[in-house]
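Encoded as structure tokens, the structure appears first; notes follow it.
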Amino acid sequence: MNSAQTLTLDLILLLSLCSLVRGDQQLNPKQCEDLGFTGLALCSDCNTFAEYVKDQELVTDCRKCCVDDTDDSLSKVTYSGAILEVCMRKLVFYPEVVGFIEEEKDQFPAVKVQYAYSSPPKLILLDEDGHKKETIRIDNWKREHIRQFLKEKVRSNSSAS
């Protein structure tokens, strides 16, 4: 084998190893959706998430599903409204979501509750025109995490109700 072939072989081996390491760090969209990260796209959101959710495995999964956003303005993304969507029949399995809806939802006039058959609990975040921008599953979120997330991400001066 000459030096050019050896270099090429080394480069191929290095690229293969890099892709294996990368594979451990990032999950594909289907895997992320299965974990409940259907719209939590920015890594800065995972950092915010980590402040409120103390489950390190959940935060690690979030980081495996996010897109790096080094621009500070991206971490300040807010939405004009949100829809908390859940199946009414499954509510019994989500006491934290029930507690939020019954006791705290009124603090957020830009957030609507929508019941959809067989839907896991999720927040659908809306743009200025009321169109869906992001969707985040909140199956395992505590009531205070839902409240804090909405305070940070949904503008309170919205006229939506």
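The values are calculated or read from the model by the stated rules, or taken from the named source; none is laboratory data. Bear in mind the structure is a predicted one, so any value in this text is a computation, not a measurement. All Cβ positions, even for glycine, are placed from backbone atoms using ideal geometry, and neighbour counts span all protein chains on display. Note: areas computed on protein heavy atoms with side chains; ligands, DNA, RNA excluded. Shrake-Rupley method; radii C 1.70, N 1.55, O 1.52, S 1.80 Å.
With each label modelled as a point 7 angstrom along the Cα→C-beta vector, the Val113-Met88 pair spans 1.1 nm. Is there a pair in Lys112/Lys142; Lys64/Lys112; Lys54/Lys132; Lys76/Lys122; Lys30/Lys133 whose C-alpha atoms are over 26 Å apart, and which pairs would that be? Where the Cα-Cα span goes over 26 Å, the pairs concerned are Lys64/Lys112; Lys54/Lys132. Ordering Lys151, Lys64, Lys54, Lys105 by accessible surface, largest first, gives Lys54, Lys151, Lys64, Lys105; the 1.4 Å probe counts only protein heavy atoms, with every chain in place.
Distance between the 7 Å Cα→Cβ label points at Glu33 and Lys142: 3.1 nm. Label-to-label distance, Glu103 versus Glu128, with points set 7 angstrom from Cα along the beta-carbon direction: 3.7 nm.
Taking every DSSP bridge with both residues inside segment 40-150, close to 60 percent are antiparallel. Once the 1.4 Å probe is applied to the protein heavy atoms, segment 108-161 comes out at 57 Å² accessible per residue.
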